[in-house]
Each structure stands twice: as C-alpha cells, then as structure tokens.
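J.: Below is a structure I'd like to ask you about.
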Amino acid sequence: MENPEYIPYPVQAVVDLTNDFSDEHFKFAIAQIRRNVARVLAEDNSSDQQIARVKILRYLDFQLTCADRWSTESADLMALILRRLIELRFYGKYVSESQTAAGRFLAEADTDSAEMYKLMKQAFPNEMPHHDLPEVQKRIKTAPSEGEEECLFKLCSKFLHPSALVMYDMNATIQSPAYSQMFATRIVY
C-alpha cells in the first residue's frame, strides 16, 4: 500500500519554493526535472508522434537549462521561459492527439522555412538564390488553457513586450525578485 503522506518531489518542490524561495533550491529542482527528462529522452523514429515528442523534450530540456542560468536575472527572462513552457505544454498535448496532429506539428518547420525565405527574398532580392519551397500549411494555433494558464500567459506577454505595465515601474515588475520567484516556481510546476 502506498504511503498516504508521500508527496511526489515536483509537488514538494513547488510547495517549498512557494513558501521559502531560494535560488539553490530552484536550481536543485531544475536539475531533478532535467534528470527525469533525460530518463525518457531516447531517440525514437518509430512514428511522427515519437519524433515530435523527442523534439519537444529536447526543447524542454533547453528551456530548463536557460531557467537554471537565468534564475537570478530579471523577471522578464523567467517570464520568457514560462511562456515558452505554456506553449510547449500545448504542443505536447496536441501531438499526443494523433499521428496526423504530430505530422502537422513536424511540418510547421517547412512552413517556417518557406515564410522566412519569402521575407528574405523580398528584403534581399539580389542576394537570395532561388529555391523551390515546400507546401505551406495552415498554422497550428497555440492557446493556453483557460484560467490560471491563460492569466500567466498574458502576464508573461506583458513582461516580454514593451508594455505600459513594465515601463511604468520597472522596479516593481521586471526587476522585482517577487515576480522572478513566482515565474520560477511556475516553471518548476
């Protein structure tokens, strides 16, 4: 029988960071999460879903590495990571829906390349060689879940873009340790 008082480490880490934030504990929590990601991260080309999952997990690990490095910097850097993780959670759910969804996700790289090529060809017409472009598909629209995730996504946006909220009082927003700690705790969550 399972111990009823057992609390999984990620949950305990969030509780601990919320109650008494320390950079050392945050870095420890990030290291634990990265170890868990590494355990499940194995090259697997058996399906579009598996290929997409590996790519998502690699990007997750990269974001966690950034969080570890930037944890003592301004809150906008932590907001950037949190917003990326919210979008990453959306993509994780999306590619798990079906092989078709995973294939669409993987094809977005072709759409990105084609769009960038067209823009570069317009901006630098004499410098860009001609290339046949892949077929462009309709983009997958990311959307945070309603409620807390939607609120955090919007708050992160305010920190990432030049906004009146941030410019009005940078000390109380992007330079505030309280915001950095709140974003950091949500990253661990």
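J.: In region 10-58, what residues are surrounded by 15 or more Cβ atoms within 10 Å (Cβ to Cβ), basic (Lys, Arg) and farther than 25 Å from TYR94 by Cβ?
T.: LYS27
J.: Still on this model: Which residues, counting only those in region 66-97, are under 20 Å from GLN50 (Cα atoms), among the charged types (D, E, K, R) and in contact with a Phe, Trp or Tyr (Cβ under 7 Å, 6 or more places away or on another chain)?
T.: none
J.: Here's something else I'd like to know. I'm trying to understand the selection: among the residues of region 111-157, which are in contact (Cβ under 8 Å) with a residue 24 or more places away in the chain and over 17 Å from TYR94 (Cβ atoms)?
T.: Passing the criteria: PRO134, GLU135, VAL136, LEU152, LEU155, CYS156, SER157.
J.: Any residue in region 139-146 that is within 14 Å of GLU87 (Cα to Cα), surrounded by 13 or more Cβ atoms within 10 Å (Cβ to Cβ) and among the acidic types (Asp, Glu)?
T.: Checked region 139-146: no residue is within 14 Å of GLU87 (Cα to Cα), surrounded by 13 or more Cβ atoms within 10 Å (Cβ to Cβ) and among the acidic types (Asp, Glu).
J.: Based on this model, can you work out whether LEU77 counts as under 13 Å from ARG186 (Cα atoms) and not in a loop (DSSP other than H, G, I, E, B)?
T.: Considered against the rule, which asks whether it is under 13 Å from ARG186 (Cα atoms) and not in a loop (DSSP other than H, G, I, E, B), LEU77 comes out as no.
J.: Right, here's the next one. Find all pairs meeting these conditions: Cβ atoms under 9 angstrom apart; at least six residues apart or on different chains; first residue within region 10-26 and at pLDDT 90 or above; second residue assigned to a helix (DSSP H, G or I) and among the hydroxyl-bearing types (Ser, Thr, Tyr).
T.: Pairs found: PHE26/THR185.
The values are calculated or read from the model by the stated rules, or taken from the named source; none is laboratory data. Because the structure is a prediction, the values reported are computed rather than measured. So basically every Cβ, Gly included, is an ideal-geometry build from the backbone, and we count neighbours across all protein chains shown.
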